[in-house]
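Encoded as structure tokens, the structure appears first; notes follow it.
Rule-based calculations on the coordinates, nothing more; no lab input. None of these values were measured; they are calculated from a predicted model. We place every Cβ from the backbone using ideal geometry, glycine too, and count neighbours over all the protein chains shown.
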Amino acid sequence: MSTTRRVAIVGGNRIPFARSGGPYARASNQDMLTAALDGLVARYGLAGRDVGEFVAGAVLKHSRDFNLAREVVLGSGLDSRTPAHDVQMACATGLESVVSVANKIALGQLESGIAGGVDSASDAPIELNDDLRRVLLRANHAKGVGAKLRALTGLRPGHVVPGIPRNAEPRTGLSMGEHAARTAAAWGIERAEQDELAARSHQRLGAAYERGFFDDLITPFQGLTRDQNLRPDSSPDKLAKLKPVFGRGEGATMTAGNSTPLSDGAATVLLASEEWARRHRLPVLAYLGDFVPGAVDYVSGDEGLLMAPAYAVPRLLDRVGSSLDEFDFYEIHEAFASQVLCTLKAWEDPEFCAERLGRDEPLGRIDTDRLNVNGSSLAAGHPFAATGGRIVATLAKLLAERGSGRGLVSICAAGGQGLTAVVER
Ligand SMILES: CC(=O)CC(=O)SCCNC(=O)CCNC(=O)[C@H](O)C(C)(C)COP(=O)(O)OP(=O)(O)OC[C@H]1O[C@@H](n2cnc3c(N)ncnc32)[C@H](O)[C@@H]1OP(=O)(O)O
């Protein structure tokens with residue numbers, strides 16, 4: 001990246017992630033993001049300080065949340081004069097918020113800023129029936145009581161049927177899980193390897209909690225002190241007992257255990273120039289390197305809805321002049337175990353790397369001891385826009401603990417998109 005200066009990751013804060021319909025069922029996006037932000041404000045003494053800008057987003061949004069980030073600032077301990085704006089890139093929203101703040105710091109337009117993301121699958125917006133909405137808008141625009149009443153005579157019993165949001169791609173009508181199941185079948189991903197990856201995610205997240213890794217990354221919220229979905233005693237044998245929920249017949253390998261649960265939660269990350277961090281006596285965990293987004297043709301092509309990172313990471317490697325094995329940590333968002341495994345398999349596959357990536361050699365194999373070492377979304381849960389912040393803060397702290405090194409971040413997103421990044425120390 002042609003930066004003018006390095007972008008420091010000072011720290012992060014999130015609330016524990018909850019399963020949808022669980023303890024945060026009555027919390028709004030604003031409530032959760034404010035809690036995550038206030039935890040960050042308290043941890044880094046940011047109350048009343050000029051932090052530059054707050055950039056955040058949510059995937060599932062009510063119309064009242066049109067200015068979500070700014071409303072969160074106004075309800076938080078941050079200086080109320082802090083500007084804020086929303087971003088949206090499906091599951092990459094949290095990381096895109098980080099990119100947005102980081103680029104401004106790199107260019108010298110900001111000294112510091114906070115990135116964030118939140119989502120509630122529990123409080124998903126339910127839309128009014130389109131016909132009902134038209135009648136109500138007509139009545140609202142009508143002049144005079146008589147005209148309003150005449151407009152309302154257009155109401156029909158069928159208008160009470162609401163538009164319930166579906167976790168589906170608008171262009172195919174298929175859910176994320178169904179798309180992932182098709183890609184898994186095309187790549188021949190076995191059930192056993194998915195269950196093994198999912199069990200490992202739980203065991204590693206559990207171990208990270210046990211050693212206090214999250215003590216300065218998480219603040220409790222509404223009685224929850226740990227991610228609710230976490231089952232540290234998960235094992236491939238236990239997971240093997242679950243019934244498939246995506247895919248068809250013999251080839252159906254994806255279950256509730258090797259898919260992320262629908263979740264609620266929020267995460268924030270404090271970014272700054274080195275000078276700002278020094279001036280405020282705040283140690284730096286790590287630095288942001290380059291970022292590369294990607295998108296695939298999953299509608300008319302056969303590239304796989306969640307496979308964009310398989311294409312974006314090689315471009316990122318070229319930009320930073322590295323090979324795939326030259327990283328100390330890999331943080332690959334686990335939307336589904338099968339999607340992580342498809343991505344890894346694609347990078348090892350000579351045909352894919354030659355035909356799709358135009359490479360003479362495969363990208364190579366990732367050492368699983370360096371992949372998602374503190375667990376990932378399968379165990380923690382995946383409140384869509386909160387995942388990027390969780391991953392960046394987790395990786396930055398890992399690098400700070402290690403003292404030096406580099407990590408690769410890869411997040412797949414709805415719409416056939418993906419966003420990838422390098423974090424280094
Ligand atoms: C959006 C983007 O931009 C990109 C992306 O990230 S794509 C990913 C987006 N996310 C999704 O699509 C979410 C996908 N997940 C889902 O739709 C749902 O969670 C699901 C259909 C997979 C499961 O839903 P569900 O049936 O309500 O799950 P749930 O009741 O919790 O679990 C079913 C069973 O499995 C069990 N189970 C779940 N996880 C387990 C584990 N790790 N170990 C053992 N058992 C487990 C549960 O205990 C439950 O058992 P019982 O039936 O005996 O109670």
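In whole percents, the pair-distance distribution calculated for the chain from its alpha-carbon pairs, binned every 20 Å from zero, is 27, 55, 16, 2.
Here the convex hull built on the C-alpha positions of segment 317-425 has a volume of 105 cubic angstrom per residue. For the chain, the dipole from Cβ point charges (+1 on Lys and Arg, -1 on Asp and Glu) about the Cα centre works out to 1640 debye, to the nearest 20.
The C-alpha atoms of segment 245-311 occupy a region whose extents along the principal axes are 61, 28, 16 Å, arranged from largest to smallest. Using the Cβ-Cβ distance between LEU74 and GLN109 with R0 set to 22 Å, the FRET efficiency from 1/(1 + (r/R0)^6) comes to roughly 0.45.
If R0 is taken as 30 Å, the Cβ-Cβ distance between VAL320 and LYS241 corresponds to a FRET efficiency of 0.10.
With contacts taken as Cα pairs under 8 Å at a separation of at least 6 residues, segment 32-117 carries a relative contact order of 38 percent.
Computed over Cα pairs, the Kirkwood radius of segment 105-214 leads via Stokes-Einstein (0.890 mPa s, 25 °C) to a diffusion coefficient of 121 µm² per second. The Rg/Rh ratio of segment 57-157, with Rg taken over Cα atoms and Rh as the Kirkwood radius over Cα pairs, comes to 1.19. Once C-alpha pairs closer than 8 Å and six or more residues apart are averaged by separation and normalised to the residue number of segment 170-287, the relative contact order reads 29 percent.
Each of ALA147, SER76, VAL284 was scored by the projection of its Cα onto the charge dipole of the chain, and the greatest displacement toward the positive side belongs to ALA147; charges sit on the C-beta of Lys, Arg, Asp and Glu. For segment 1-53, the calculated P(r) over all alpha carbon pairs, in 5 Å bins from 0 to the bin holding the longest distance, is 4, 15, 20, 19, 13, 12, 10, 4, 3, 0 percent. Relative contact order of segment 283-425: 41 percent, from C-alpha pairs under 8 Å at least 6 residues apart in sequence.
The equivalent ellipsoid of segment 365-425 has semi-axes of 20, 13, 12 Å, largest first, where each one is the square root of 5 times an eigenvalue of the Cα gyration tensor.
Within the listed set LEU149, LEU239, LEU110, the residue fluctuating most in the Gaussian network model of the chain (springs between alpha-carbon atoms under 10 angstrom) is LEU149.
With K and R counted +1 and D and E -1, the other residues having a Cβ less than 13 Å from that of GLU275 yield a net charge of +3. Sorting the Cα pairs of segment 183-231 by distance into bins of 10 Å, from 0 upward, gives 21, 38, 22, 16, 2 percent per bin. By the gyration tensor of its Cα atoms, with a ≥ b ≥ c the square roots of the eigenvalues, what is the shape of segment 197-312: rounded for a/c under 1.5, prolate for a/b over b/c, or oblate? Judged from the Cα gyration tensor, segment 197-312 comes out oblate (a/c at least 1.5, b/c at or above a/b).
Work out the P(r) tail for segment 135-276: percent of alpha carbon pairs separated by more than 23 Å, whole number. Result for the distance tail: 62 percent.
Size descriptors for segment 5-129: radius of gyration and Dmax over Cα atoms are 14.4, 50 Å. Over the C-alpha atoms of segment 275-354, the Rg to Rh ratio, Rh being the Kirkwood estimate, stands at 1.09.
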